[in-house]
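Engineer: I'd like to ask you about the structure that follows.
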Amino acid sequence: MPPWFAVPDIGRFSNDPSLTPQQIATLSAWAAAGAPAGDAKDGPPASRWTESWTIPQPDLILPMTKGVTIPADGDVDYTYEIVPTHFTEDRWIQSVEVLPSLRPNVHHAVVYIRPPNSNWMSHAPIGIPFTADDLTDPEDRRGSHWTDADVLLVYAPGSSPDEFPPTMAKFIPAGSDLIFQMHYTTNGHAATDTTRVGLRFAKTPPPQRVLTLQLTNDHFVIPPGAPDYRIEARGTLPNDALLLSLFPHMHLRGKRFEYNIVHPIDTAPNPTSGASNAAGASGAASSERPRNESTVETLLRVNYHFHWQMSYKLTQPLLLKAGTELQAIAWYDNSKNNSHNPDPDAAVRWGDQTYDEMMVGFFDVAVDGNIDKKKFFERKP
């Protein structure tokens, strides 16, 4: 434990806890011998499951100003809370962790960075929970459903905190707010959650800045009963970047997820499978090529598990040159054979609740530390 869902022999990941063949052989032989007990004095200390931070003690802990009341049952709309940082100077974040006080009720959390010059949800209340329906300004309401704000961290069951090497960090400008986007689910007990975010600061500005980007397709309909429905998104990087990690996100019908680099035939190294037409992307402009003009290099293939949503961290960062085309493919099981399926007779579309679906391929990249995120997306002639 924890389990590992990446298909072997595709990519190498620094957080892979898989056992070696020799370790598996040792355990198999021990089991075949009747699992004899060893000497108790040679045993390890008892496991202690963490109830607090797994990163070193944070330099700063920013909690929600006011806790969110969660009902005993029913749906809970996405809940937001704006927390001022009160930073009087720019901060570089070396480590960051999101810690809900009610983990069983948190489907996911995304903490965004809202710089002081941003108009995103500018009329929303500060320090109290709200939903999109609470917002009266049309632009604020639209902003609650879409943003290009920088992501500090994504939290989901099974996910891990971010800890970057000394040469890399995330950037929070002076005067920024953090905006918590919380997706809660009910479990029969009314309660209150006060999620916190813990930050460890870099001692000096690093040469590289980490950005969380995503490939997203939100225009799909999964037919009732479909056992292996395929959805795709593509996008091209506008500038050079180092790929650091990959974090797929789906809901209860999620089955498999794959990240690829799409290569034109004349530059493709060791193609592994054929590519298909684009379905759309977020964070980079989408593009299309006929099936016979490109091949793909697979970076990660995951047998997806909704209750273990993990980030797969590359052992060695991968240089992606400007113009590199990335592809994310997701497969869904909407059949009765999926024991997690809420309703195999329903057609399924994009939506916030767990009985809806999502298709998001998050990925972290490192770029020049002096570049603004919006500048990164400006394409050179």
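Engineer: Could you tell me which trypsin sites (Lys or Arg not before Pro) in the stretch 129-213 are loop residues by DSSP with no more than 12 other beta carbons within 10 angstrom of their beta carbon?
Structural biologist: Sites meeting the loop and neighbour criteria: K203.
Engineer: Using alpha carbon centroids, what distance separates the stretch 133-171 and the stretch 311-381, in Å?
Structural biologist: Between the Cα centre of the stretch 133-171 and that of the stretch 311-381, the gap is 14 Å.
Engineer: Same structure, new question: With a/c under 1.5 counting as rounded, go ahead and sort the stretch 1-62 into rounded, prolate or oblate using the C-alpha gyration tensor (a ≥ b ≥ c being the square roots of the eigenvalues; past the cut-off, prolate if a/b is larger than b/c, else oblate).
Structural biologist: Since a/c reaches 1.5 but b/c is at least a/b, the shape of the stretch 1-62 is classed as oblate.
Engineer: Excluding residues fewer than 8 places away in the same chain, name every one of the lysines whose C-alpha is closer than 22 Å to that of K255.
Structural biologist: Candidates past the 8-residue exclusion: K313, K336.
Engineer: Against the globular-protein guess of 2.2 N^0.38 Å, express the Cα radius of gyration of the chain as a ratio, rounded to two decimals.
Structural biologist: 1.04
Engineer: For q values of 0.13 Å⁻¹, compute log₁₀ I(q)/I(0) with the Debye formula on a Cα-only model of the stretch 36-146, without solvent.
Structural biologist: So the normalised log intensities are -0.67.
Engineer: Which Cα, out of M168, I55, P138, lies furthest along the positive dipole direction of the chain (beta carbon charges, K/R +1, D/E -1)?
Structural biologist: Going by the charge dipole, the pick is M168.
Engineer: Something else now. To the nearest 20 debye, what charge dipole does the stretch 144-225 have about its Cα centre, counting +1 at the Cβ of each Lys and Arg and -1 at the Cβ of each Asp and Glu?
Structural biologist: So the magnitude is around 300 debye.
Engineer: Which one, P317, M182, A6, projects farthest toward the positive side of the charge dipole computed for the chain from Cβ point charges (K/R +1, D/E -1)?
Structural biologist: Sorting the options by dipole projection puts first P317.
Engineer: Let me ask you something else. Let me have the relative contact order for the stretch 60-202, percent, based on Cα pairs under 8 Å that are six or more residues apart.
Structural biologist: Once divided by the residue count of the stretch 60-202, the mean separation gives 54 percent.
Engineer: While we're here: Given Cα pairs under 8 Å that are at least 6 residues apart, what percent is the relative contact order of the chain?
Structural biologist: 23
Engineer: Also: By counting other Cβ atoms within 10 Å of each Cβ, how are H305, H189 ranked from fewest to most?
Structural biologist: In increasing order of surrounding Cβ atoms, one gets H189, H305.
Engineer: List the relative contact order of the stretch 288-381 as a percent without decimals, with contacts defined as Cα pairs under 8 Å and 6+ residues apart.
Structural biologist: Answer for the stretch 288-381 is 11 percent.
Engineer: Given charges of +1 on the Cβ of Lys and Arg and -1 on the Cβ of Asp and Glu, with all other atoms neutral, how large is the dipole of the stretch 60-202 about its Cα centre, in debye to the nearest 20?
Structural biologist: So the magnitude is around 380 debye.
Engineer: Further question: I need the chymotrypsin sites (Phe, Trp or Tyr not before Pro) found in the stretch 1-79, filtered to DSSP loop residues with at most 11 other beta carbons within 10 Å of theirs.
Structural biologist: Hits after loop and neighbour filter: W49.
Engineer: Right, something else. Using just the helices of the chain, give the 222 nm mean residue ellipticity in deg cm²/dmol: DSSP H runs with n ≥ 4 each add -39,500 (n - 2.57), and the total is spread over all residues, rounded to 500.
Structural biologist: -1500 deg cm²/dmol
Engineer: With only Lys, Arg, Asp and Glu charged, each at its Cβ (+1 for the first two, -1 for the last two), find how big the charge dipole of the chain is about the Cα centre; round to the nearest 20 debye.
Structural biologist: Once rounded to the nearest 20, the dipole reads 720 debye.
Engineer: Kindly write out, for the stretch 21-28 in residue order, the coupling ³J(HN,Hα) from the Karplus curve 6.51 cos²θ - 1.76 cosθ + 1.60 (θ = phi - 60°), rounded to whole Hz, with x marking Gly and Pro.
Structural biologist: Couplings: x, 5, 5, 5, 4, 5, 5, 5 Hz.
Engineer: Quick one: if you stick a label point 7 Å off each Cα along the C-beta vector at T167 and R379, how many nm between them?
Structural biologist: 2.9
Engineer: Sticking with this structure for a sec: Please list, by residue number, every one of the chymotrypsin sites (Phe, Trp or Tyr not before Pro) in the stretch 298-327 that is coil in DSSP and has at most 16 other beta-carbon atoms within 10 Å.
Structural biologist: W308
Engineer: Let me ask another. When we measure straight from the Cα of K170, which aspartates and glutamates land under 14 angstrom away, once same-chain ones fewer than 8 places off are left out?
Structural biologist: Within the straight-line limit of under 14 Å, K170 reaches these aspartates and glutamates: D90, E97, D150, D162, D364, D368, D372.
Engineer: Over what distance in Å are the Cα centres of the stretch 178-208 and the stretch 215-262 separated?
Structural biologist: 25
Engineer: A further question follows. Report, ordered by chain and residue number, the lysines lying within cross-link reach of K380, taken as a straight Cα distance under 16 Å and ignoring same-chain residues fewer than 8 apart.
Structural biologist: K321
Engineer: Given the Cα-Cα distance of D345 and E139 and 0.36 nm per residue of separation, how much length would full extension add, in nm?
Structural biologist: Between D345 and E139, full extension yields 70.6 nm more.
Engineer: Specify which residue in the list H123, T65, L242 is farthest towards the positive end of the charge dipole of the chain, using unit charges on the beta carbon of Lys, Arg (+1) and Asp, Glu (-1), about the Cα centre.
Structural biologist: Farthest along the dipole direction, towards plus: L242.
Read-outs: derived from the displayed coordinates by stated rules, not from any lab. Treat the numbers as computed from the prediction; the structure is a model and nothing was measured. Using ideal geometry, Cβ is built from the backbone for each residue, glycine included, and neighbour counts are taken over all protein chains shown.
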